[in-house]
1. Specify the residue that is surrounded by the most Cβ atoms within 10 Å (Cβ to Cβ); the eligible residues are those in the stretch 155-188 that are outside any helix (DSSP H, G or I) and within 11 Å of the ligand (Cβ to nearest atom).
2. Just to check your reading of the model, which residue among Ser201, Ser246 is farther than 22 Å from Leu314 by Cα and open to solvent by 10 Å² or more (accessible area, probe 1.4 Å)?
3. Residue pairs, Cβ under 6 Å, 6 or more apart or interchain, first in the stretch 209-230 and within 17 Å of Asp267 (Cβ to Cβ), second of a type in the set (A, V, I, L, M, F, W, C) and part of a loop (DSSP other than H, G, I, E, B). List them.
4. Pull out all pairs, ordered by first then second residue, where Cβ-Cβ is under 7 Å, the residues are six or more apart or on different chains, the first lies in the stretch 39-68 and is outside any helix (DSSP H, G or I), and the second is near the ligand (Cβ under 10 Å from one of its atoms) and of a type in the set (Val, Ile, Thr).
5. Would you be able to tell me the number of residues in the stretch 236-254 that are part of a helix (DSSP H, G or I) and farther than 19 Å from Ile159 by Cα?
6. Scan the stretch 128-141 and give yes if some residue there is in contact with a Ser or Thr (Cβ under 7 Å, 6 or more places away or on another chain), modelled with pLDDT of 95 or more and within 13 Å of the ligand (Cβ to nearest atom), otherwise no.
7. Could you tell me how many of the residues in the stretch 189-212 are of a type in the set (Asp, Glu) and within 16 Å of the ligand (Cβ to nearest atom)?
8. Here's a check for you: in the stretch 281-297, which residue that is more than 14 Å from Val311 (Cα to Cα) and part of a helix (DSSP H, G or I) is nearest to the ligand (Cβ to nearest atom)?
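The values are calculated or read from the model by the stated rules, or taken from the named source; none is laboratory data. What you see is a predicted model; the values in this text were computed from it and never measured. Heads up, the Cβs are rebuilt from the backbone with ideal geometry, glycines too, and the neighbour counts pull from every protein chain shown. Surface accessibility is based on the protein's heavy atoms, side chains included, excluding ligands, DNA and RNA. Shrake-Rupley method; radii C 1.70, N 1.55, O 1.52, S 1.80 Å.
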Amino acid sequence: MRRGILEKYRQFLPVTEQTPALTLYEGETPLYHATRLSAELGVNLHLKFEGANPTGSFKDRGMVMAIAKAKEAGSQAVMCASTGNTSASAAAYAAKLGLQCYVVVPHNHIALGKLSQAVMYGAKVLAIEGNFDQALSLVRKITEEYPITLVNSVNPYRIEGQKTAAFEVCEQLGEAPDILAIPVGNAGNITAYWKGFKEYSQENRIQRLPKMWGFEAEGAAAIVRGEPIDQPETIATAIRIGNPASWKTAVAAASESNGFIDSVTDDEILSAYRKIARMEGVFCEPASAASVAGVIKLHKQGRCPAGATIVCVLTGNGLKDPTTALETVDVQPEVIPCSKEAILQFVKEEKGS
Ligand code: F0G
């Protein structure tokens, strides 16, 4: 029988008798061995596909915890700022418990699939003429003043739920990997994974800790630059963030683990985005590909240890952002006459090319 993360990892989570048994069956996502990419890079590469969660991103792990605790505390409404995935997840879990959900997103900078999810799950969607950082600052102020629960990752319950992904990686591999590569946006997820690995290590469930390699998008790489960016820009809208809320804990995760936080360009992200789909059969969203883009970049620089066991976290599902897929990849459907000959002609040309 499948269990959600609140039940499965209860002993590691702030679950009490009063906590609602909330689940949409989040977690238990696949860890794929990336055989073709491993051969190309000379490493033992795995992909933790968080796009297989109920709303299509890793956010469901933290959100099930945060929304359950909000309900337990008697809250009737939740609010978040979001580049899209957090809003989809908050809306779904709020719907399941009958809570009102308000989401504030940057107008024109959120993928279509994510927007349609939030709307369908019944959230009140407010698109501001501003970016994610401004949205977060506004919802922080509002939730301090009004009886609405903030469910961004500054809510500690979010981090608690999200750390369960690290537990799963260890269980699926039988040990912690040498390296955990992960996209960094608001920096909650890298914080959560590191907490999860440390907790499993303290319980002697793993014998070593991984190095944490975090990757920001270059146009939004505040941590790498060492200062907030007023107008972050990247094609990976999910991580278009200029002032990460969990900045300090992300830096601590990188330094305590002897890892680092680096950046990747939009071209590197798009190239990895295509490779993951074409070589491994996994369709992730652009921001997710930052983890693999980072490993490829490090490999080119000769900084990727040969044979290392590396897990790249693929944070969200590619179907969330069909626009980027169609606009940036040369896979436009070919329009041909409706005949067998026309199709065969195409197949022969392909063979010859
Ligand atoms: N990948 C995806 C697909 C995301 O949606 C996010 C964050 C990240 C990576 C970065 O994770 O913020 O924990 O460092 N999305 C947030 C949102 C900001 O609103 O959905 P992080």
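1. Applying the first criterion (outside any helix (DSSP H, G or I)) to the stretch 155-188 yields 155, 163, 174-187.
Then drop every residue that is not within 11 Å of the ligand (Cβ to nearest atom), which leaves 182-187.
Numbers: Ile182: 30, Pro183: 32, Val184: 35, Gly185: 30, Asn186: 26, Ala187: 26.
Top of the filtered list is Val184.
2. Ser201
3. Cβ pairs passing all conditions: Glu216/Val184; Ala217/Ala236; Ala220/Ile241.
4. The qualifying pairs are Lys48/Val313; Ser57/Thr315; Phe58/Thr315.
5. Number satisfying all stated conditions: 1.
6. Scanning the stretch 128-141 turns up at least one residue that is in contact with a Ser or Thr (Cβ under 7 Å, 6 or more places away or on another chain), modelled with pLDDT of 95 or more and within 13 Å of the ligand (Cβ to nearest atom).
7. 0
8. Ala287
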